[in-house]
């Protein structure tokens, strides 16, 4: 499987990942991602080179997506934590046809590997505050819960992290360039 950077032409597919995930999550009794996400926000992340697609082949439809950046949500992470050097995972979604194959785990391993390659100390993420099933998934992936925001405006307020580490994720990443932005010193 390969990992490629998303392009502007992939926007419709990225929005479909989110709407498909929302529909599936609704069957599990959660409202996660029920509110449409601004396409302009995803497009900005694409333009910054932060959105990735996992594919079986360059010409095939994407099996999964992940956004990886250095943008700490200041409503979740303290000023001290922001200075520690971290990469942040956002919008991880696996197409239901690939569910249960370990693809999400591999994407998290790739993200942690990329963070380690870039000298970051942590791989961090946030999860839907009320989605305990997702929180348990992340705990099983080695993430430690740091805090949960009680601010009613923060719906994805369950913050967690794990040390960045090199991993054999199995993706062919020869089409990717390194992330260019320097990491703040710890």
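Tabulated data
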quantity	calculated
Scan of segment 73-102 for residues that are touching a residue at least 24 places away in the same chain (Cβ under 8 Å), over 22 Å from residue 14 (Cβ atoms) and assigned to a loop (DSSP other than H, G, I, E, B), ordered by number	75, 76, 77, 83, 84, 85
In segment 119-137, the residues that are part of a helix (DSSP H, G or I) and out of contact with any strand residue (DSSP E or B) (no Cβ under 7 Å at 6 or more places or on another chain)	132, 133, 136, 137
Residues of segment 12-33 satisfying the condition of being closer than 14 Å to residue 53 by Cβ and in contact with a helix residue (DSSP H, G or I) (Cβ under 7 Å, 6 or more places away or on another chain)	14, 15
Residue ID - surrounded by the most Cβ atoms within 10 Å (Cβ to Cβ), chosen from residues in segment 7-36 that are touching a strand residue (DSSP E or B) at 6+ places or on another chain (Cβ under 7 Å) and either at pLDDT 90 or above or over 17 Å from residue 66 (Cα atoms) (or both)	14
Subset of segment 138-152 that is surrounded by fewer than 16 Cβ atoms within 10 Å (Cβ to Cβ) and either closer than 18 Å to residue 91 by Cβ or touching a residue at least 24 places away in the same chain (Cβ under 8 Å) (or both) - its residue that is nearest to the chain's Cα centre (by Cα)	147
Test for residue 64: is it surrounded by fewer than 14 Cβ atoms within 10 Å (Cβ to Cβ) and outside any loop (DSSP other than H, G, I, E, B)	no
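Residue-wise test of (1) assigned to a loop (DSSP other than H, G, I, E, B); (2) more than 25 Å from residue 1 (Cα to Cα); (3) in contact with a helix residue (DSSP H, G or I) (Cβ under 8 Å, 6 or more places away or on another chain).
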{"position": "35", "(1), (2), (3)": "yes, yes, no"}
{"position": "45", "(1), (2), (3)": "no, no, no"}
{"position": "68", "(1), (2), (3)": "no, no, yes"}
{"position": "106", "(1), (2), (3)": "no, no, no"}
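The values are calculated or read from the model by the stated rules, or taken from the named source; none is laboratory data. In this text the structure is predicted, and so the values were computed from the model without any measurement. Glycine also receives a Cβ, built like all others from the backbone with ideal geometry; neighbour counts cover every protein chain displayed.
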